[in-house]
1. Just need a number here: residues in segment 273-299 that are part of a loop (DSSP other than H, G, I, E, B) and touching a Ser or Thr at 6+ places or on another chain (Cβ under 9 Å).
2. Of the residues that sit in segment 176-199 and are closer than 12 Å to E222 by Cβ and more than 16 Å from ligand 2 (Cβ to nearest atom), which one is surrounded by the most Cβ atoms within 10 Å (Cβ to Cβ)?
3. Could you check segment 1-97 for helices (runs of 4 or more DSSP H) lying wholly inside it with 1 or more residues that are touching a residue at least 60 places away in the same chain (Cβ under 8 Å) and either buried (at least 18 other Cβ atoms within 10 Å of the Cβ) or on the phi > 0 side of the Ramachandran plot (or both)?
4. Here's a check for you: in segment 130-147, which residue that is surrounded by fewer than 19 Cβ atoms within 10 Å (Cβ to Cβ) and within 11 Å of ligand 1 (Cβ to nearest atom) is nearest to G87 (Cα to Cα)?
5. Take the residues in segment 151-175 that are among the polar types (S, T, N, Q) and within 21 Å of L353 (Cα to Cα), then tell me which one is surrounded by the fewest Cβ atoms within 10 Å (Cβ to Cβ).
6. Is it true that some residue in segment 167-177 is within 13 Å of ligand 1 (Cβ to nearest atom), touching a helix residue (DSSP H, G or I) at 6+ places or on another chain (Cβ under 9 Å), acidic (D, E) and without any contact (Cβ under 8 Å) to a residue 60 or more places away in the chain?
7. So, in segment 304-324, how many residues would count as being within 16 Å of ligand 2 (Cβ to nearest atom) and among the polar types (S, T, N, Q)?
8. When the residues of segment 117-126 are filtered to those that are of a type in the set (A, V, I, L, M, F, W, C) and in contact with a helix residue (DSSP H, G or I) (Cβ under 6 Å, 6 or more places away or on another chain), which remaining residue is farthest from ligand 1 (Cβ to nearest atom)?
Amino acid sequence: MRLIYDLDRLELAEVLGAWGEPSYRARQIWQGLYGQLYTSPDQFTTLPSWLRTRLAQEFQFIPFAPVKRLESADHQTVKTLLRLNDGLLIETVLMRYGDPPDSPASGNGREGKPRRTLCLSTQVGCAMGCAFCATGQMGFQRHLTAGEIVAQALDHTRWLRERGEAVTHIVLMGMGEPLHNYENVMAAIARLNDPDGYHFAARRITLSTVGLVPEIRRLADEGRQVNLAVSLHAVDDKARLSIMPVAKRYRVEQILQACRYYVEKTHRRVTFEWALIRDFNDTPAVARQLAQRLSGLLCHVNIIPLNPTDGYSGAATPRRRALAFKEILEQAGIPCTLRVRRGIEIRAGCGQLAGSFV
Ligand code: SAH
Ligand code: SF4
């Protein structure tokens, strides 16, 4: 049975048209799904009962079952394990930032405007095989459908709503390589962005990619204001190939050119992600090379301390060295942030998602 969240607005209107329904029905159902966040046909009380029954007979409304939610001790990170209808497991992560001092999620010294960032998965596993990533280590199982991607956001929005909170940012940085699942990811972004539905601003959505060059260019041509993040981790092609098999297909220069094109088309700043691995990509010499390669490009570097995974022996860079790396970039005029490690104890950190019960 088809998942109702896999239909775009036009498809839904066509189905209802074929059932002899007036055109406003599609709008009612759309708003029920993406505005009121209904999860069952019974909740659509404005629809005639025969139509609710027919919807229930023809469409699947439950995309997955939450198996487990793990919350970090400081309440800042919540990881949810979801079982898809074919039994496969994916994970999503919610990160809370900047809470008022009296809230249970506060206490990290970064209180300010509350921010709720949702990290969604786009595939079960990943085919890109980056050595340091738990998702890459598990291999590729399948693409997620657009509906399965969107439903992760809906599930968390409901969960947060019950707690008086709201999603403020969405990042496609969970399991999978979003640009390898291009069509479904674009359909999901369109669905999230739709002003008549979930109405989430594209500017608050970030897509992170391992650096698939043709797809970066294609994304630039879409004319959406989505933020692009590129996982670079090395500027030397050989070094990059030693941890990222995708470097065989695309050289760093090709990636940077595609990023320049992205900036040209969208006028948006590109983010480069850099997971600091001890003695591999954390030296002052590498920092200078990186700064040189990025000079003149509207960008920002996000330095991530390497998170531990079972299948990779590389070590994280000590904080002092990470700060030195950051300083070299900043002195060269490249804005950067050093991300705070979080959710490690519940294996919710970058690259730690493997759809397991740990
Ligand atoms: N496939 C996409 C998005 C998912 S991975 C991509 O690779 O960009 C999200 C981010 O986590 C990427 O920047 C990735 O390089 C990073 N990452 C993967 N494993 C990591 C680890 N063990 N420690 C820190 N960051 C990691
Ligand atoms: Fe895939 Fe991203 Fe992990 Fe690489 S880092 S294996 S592209 S999920």
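1. Residues that pass the stated criteria total 5.
2. Restricting to residues being closer than 12 Å to E222 by Cβ and more than 16 Å from ligand 2 (Cβ to nearest atom), the top hit is I189.
3. Per the criteria, 24-34.
4. If we take residues in segment 130-147 being surrounded by fewer than 19 Cβ atoms within 10 Å (Cβ to Cβ) and within 11 Å of ligand 1 (Cβ to nearest atom), then Q137 is nearest to G87 (Cα to Cα).
5. Among those residues, the one meeting the criterion is T157.
6. yes
7. Total meeting the criteria: 2.
8. L118
Read-outs: derived from the displayed coordinates by stated rules, not from any lab. Note that this is a predicted model, so its numbers are computed, not measured. Reconstructed Cβ throughout: ideal geometry from the backbone, glycine too, with neighbour counts over all protein chains shown.
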